Structure formats: C-alpha cells, structure tokens
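Right, one structure below, let's go through it.
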Amino acid sequence: MTGSHKTAPDRRGGARATARGRRRKRGRIRLVLGIFLSLLVLVTAGAGWAYFKLSGNIDTFGADGISDNRPAAASKGQNVLVIGSDARTDGNSELGGGDKGDIGRSDTAFVLHVYADGKHAVGVSIPRDTLVDIPRCKLPDGSWSRPESHVMFNSAYSVGQTAKGNPACTQNTVEALTGLRVDHTVVVDFKGFSELTEVVDGVQVCLPQDVYEKDINPNRATRGKRVLAKGEQTVSGRAALDYVRLRHGIGDGSDIGRIKRQQAFVASLLKKVKSDGLTPAKLLPLANAATKSMTVDPGLGSAEKLIAFAMSLKNIDLHNTKFITIPWRYEGARVAIVEPDADALWAALKADRTLDGQDASGEKSSGPPSPSPSADEPPSGAGIAVAVYNGTSHTGLASRAAAGLKAADFTVTGTATASTQDYRTTVIEYGPGQKEGAKTVARLFAAAELRSGTAAGISVILGQSYADDPTASASAAPTALPSKVADDARSADDDLCAKLSYG
C-alpha cells in the first residue's frame, strides 16, 4: 500500500512532465512554422512588390494605332519587333539622344523571329535608311495619315511628330513590308539601354581600330582623345552607347557597318546573360533596369508577361541564335531592298525554316520535309497582267523579258521604251491592290526593286543590271533562300572580332 502511494505521484508527475514537454515541442514547432510562414509571406510579398514595381515602370502604346489590315497569325513561333529610340525625353538628351527638337526617332530596329520549336531564333535588322512604303498610321488627334511611298524606314516612327514617337506605325510598316504578323513590339531608349549594360556588369565587345572623339561626334574640328581602344574590351553605360551608335571612322562609315557591330553587341549581351543564368532571380534586376525606359505593346504590359517571354528563350542555343540584315543594296545614299531575296527570307520565317533550310516548326514528320514551292518551281503568272518597259539605251531588252514572262504564263499587255533610260536596276511598279502580283513578277528578276504607285496595273522597267547579264531571263526560277543571305549571318557564339564592319 505504502509503495503504491509512493509510486502513484511519480507516475502523475511523469505524465505532467511529458505533457509539458509535448506542449513545449508543439510550441517550438508552431514557432518554427510561424517563422517559416512569416518568411514565406515576406518573400512572396517582396516578389509581389518587385513585380508590382516593375509593372509600374512599363509604358505601353495604344493598340488602337495598330492596323486592322494585318497578316494572319502564323505558327507557334513569335515575331518581336525591337526598336531603339533616341528620343530626348526622360534624361536621354544627356546621353546624346535626339538632335531635332522633341520629335521621337528610331535609331535602330530589328525583327526577332523565335521559331516554333523554341530552340532557334533569328534577328533581322532593317537599316534606318531603307526605302519602304509606310501605310496609314494613327495621328495624335485620332485621324489617320496618308500612305507614303519610297520613304526612309525610320520616318515611320516619327509619324505624328510626337516626343514619344509612333511605335504602332513602325509595327504597321514592318507587317506591310514582311507579311509577318508582329506579336510584340518593344521600344528601348538610350537611358534604359545604358542601365541594362551596367546591371550585367558590362558587355564584351571588339573594335577593329581605335576610336576617337571625332568618330563619335564628326562635327568636332579635331580628332580629340581616344575613347575606345582597338581590340576586345568590356563596356557599359555611356561607353556601350558610344559603341553601338558609332558610325564614322570604321569601314565606309555607313549604317550597314554600324548594324554589324550592333548585332555583335546583342550577341555578346545574350552570351553574358545566359552565362549568368536565365532565372527569375537573375532576370528581375535586368527587367528593373530595362523597364524604366521601355515602351511595349499591351500584350507585354506587365512584369510577369515580360519575364515569362524572356524565360521562353532559355532553351535557344547561342549557335542557333542568328543575326542578319535584310537583303539590300545601295540606291544613291539610301538603301533599297533586294527582291526576290527578301521575299524568300520572309517566306522561310513564315514556314519556320532556318536560314540553312532546316525545319524548326517543332512538328514531327514521318518523312523528309517537302521543299518550298519557290525553291523548285517557277512562279505561275496565270491571271497577272504586266507591261514591260526598257529603262536603258540597250535595244531588245523588253522583248527578251516579255518572252520570259509569257513562258511563265504572265499576260504581257505591251512593251515600250521607258520615259527615261537611266535605270540602274530593274523596277517593278504596282498600283493599289497589286502588291502580291508584283511580288510574283519580282521572283523572275534578280535584284529587282518593288515600288508602289498610284497608276493601276503592274509595270516592269528594266534596268542596266538586266542588260549587263546576257544570261538574264525572266524564266529563271530563284532559290528559296539565296546562299549569300545565309552566309552573311552571325551566330551569337561567333568570334567576337569577326564581321565588324562593312566597306
């Protein structure tokens, strides 16, 4: 009995101790869980705040300025128009932005085609001096401009004469030029570009020679100090801007040479970003720098959408990221588009074929890919009427071209001598609603220039280039994508110091 009375309190005391231990353990678990949840809330709130802050940085342009007459949406691939603006607003003038009052202007532009397989991409640069047709564009007062023909490409961005520019007009112009539907448009100004290069701790570049102050500012009376050294180096901020804007003192001083260096710069930037890691944590500071001076279409108007798009590029290998310039030639001091080469390029992108002809559509096929009709078959001119004019002093050209056109089933409405005989290259003029027919005609004339006009119908005006080639015939079928177009491409993993100038 006594023993039982002595042992009972011990059991009760042990039970109470065990209960207290369990309560303390549960208390510690709740405390740890509470701390963890608190940290999770803080981290999540911080990320949310970061996204909210980024979204607050982003400016969008109105979708009401985008044309109703757009190309059809293509495959699962995407086309992104990237515009570099040198507007004087928001601190850009201190970095050399603009020199014509407060009118926004585009300094550079390229179309980035991300193939449907998510493993290939190509950026096609359009020189700012390229002669193009600009469709109707919305003006600040809500009215629409008149179409313009044979004008400089970068003038589309200045339609309406506003400080912020007109990215919708540039998008309309690119869609009309390429036949590609632009899924997104991004405008980055000098300030945003400068901050972006600083966030990544600089970008490695290469120069074929020393660069001096006069090369940056050709209005200087003297050469000035050296600002960039020959060879490889890392640049950021204002030095990076000087590199991508540099036009004089290297090669022939043309915009074509500058584009080659810009392509090399973007390739090097991509290499740097990918080496750092394409993760949200790495992308957030990049996005923060970029969005401060970025204008995008409504479809990219939030941080989540921008970062999601950036993350969609993570599987694209550097070697499969290409940069080229639209097929071009000089027309005086301006740049003309070379057809049918350019049309072949746009057709390849629409079909998600790489520059070397590989299928990048991401669709599995049981057999080998069928060749593009433009590669193996001459165009059919059935239902297309053409007038042929000799724009040179050489006799017999119009008859020769007419015979080739008839052999391809075109209807030749007549041949004659042009009003002037000083055409250097062949020009194909077309009236309203005749552009597609004119493109078919252009496939028969190497390096022909398409030009819109007000007169009805399609006319071929033969130039000296046609006369100089005795083998030239309107019955010759072009290749799907001329090798010279693909051969000029740069891969993002190419030698940093290769292909840096033109002329």
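The values are calculated or read from the model by the stated rules, or taken from the named source; none is laboratory data. None of the values given here were measured: they were computed from a predicted structure. FYI the Cβ positions are ideal-geometry reconstructions off the backbone, even for glycines, and counts take in every protein chain you see. Quick note on the areas: whole protein, heavy atoms, side chains included, nothing else; ligands and nucleic acids left out. Shrake-Rupley method; radii C 1.70, N 1.55, O 1.52, S 1.80 Å.
Structure notes:
- Flag if V235 is within 18 Å of the chain's Cα centre (by Cα) and of a type in the set (V, I, T): no
- Taken over the stretch 217-236, the criterion of being open to solvent by less than 60 Å² (accessible area, probe 1.4 Å), in contact (Cβ under 8 Å) with a residue 24 or more places away in the chain and touching a strand residue (DSSP E or B) at 6+ places or on another chain (Cβ under 6 Å) is satisfied by V235 alone.
Matching residues to (1) under 24 Å from P327 (Cβ atoms); (2) surrounded by fewer than 21 Cβ atoms within 10 Å (Cβ to Cβ); (3) not small (G, A, S):
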{"position": "S419", "(1), (2), (3)": "no, yes, no"}
{"position": "Y423", "(1), (2), (3)": "yes, yes, yes"}
{"position": "Y430", "(1), (2), (3)": "yes, no, yes"}
{"position": "E449", "(1), (2), (3)": "yes, no, yes"}
{"position": "A456", "(1), (2), (3)": "no, yes, no"}
{"position": "S465", "(1), (2), (3)": "yes, yes, no"}
{"position": "D468", "(1), (2), (3)": "yes, yes, yes"}
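- Of all residues in the stretch 255-285, those satisfying the criterion of being among the hydrophobic types (A, V, I, L, M, F, W, C) and either modelled with pLDDT of 75 or more or open to solvent by less than 10 Å² (accessible area, probe 1.4 Å) (or both) are I256, I259, A264, F265, V266, A267, L269, L270, V273.
- Residue match in the stretch 165-180 (condition: within 22 Å of the chain's Cα centre (by Cα) and open to solvent by 50 Å² or more (accessible area, probe 1.4 Å)): no
- Pairs are defined by a Cβ separation below 7 Å, a sequence spacing of at least 6 or placement on different chains, a first member in the stretch 292-314 that is of a type in the set (S, T, N, Q), and a second member that is surrounded by fewer than 18 Cβ atoms within 10 Å (Cβ to Cβ); the pairs so defined are S293/D90; T295/D59; T295/T60; S302/S55; S312/G118.
Yes or no, residue by residue, for (1) more than 30 Å from L450 (Cα to Cα); (2) aromatic (F, W, Y); (3) open to solvent by less than 50 Å² (accessible area, probe 1.4 Å):
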position	(1), (2), (3)
V296	yes, no, yes
L306	yes, no, yes
A310	yes, no, yes
A333	no, no, no
L349	no, no, yes
T354	no, no, yes
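- Enumeration of residues in the stretch 153-180 that are within 14 Å of V296 (Cα to Cα) and assigned to a loop (DSSP other than H, G, I, E, B): K164, G165, N166
- Yes/no for A401 being surrounded by 13 or more Cβ atoms within 10 Å (Cβ to Cβ), hydrophobic (A, V, I, L, M, F, W, C), modelled with pLDDT of 85 or more and in contact with a Ser or Thr (Cβ under 9 Å, 6 or more places away or on another chain): yes
- Count - residues of the stretch 58-99 that are more than 21 Å from the chain's Cα centre (by Cα), crowded, with 17+ Cβ neighbours inside 10 Å and modelled with pLDDT of 65 or more: 0
- Scanning the stretch 219-233 for residues that are of a type outside the set (K, R) and either touching a Lys or Arg at 6+ places or on another chain (Cβ under 7 Å) or farther than 11 Å from L207 by Cα (or both) yields N219, A221, T222, G224, V227.
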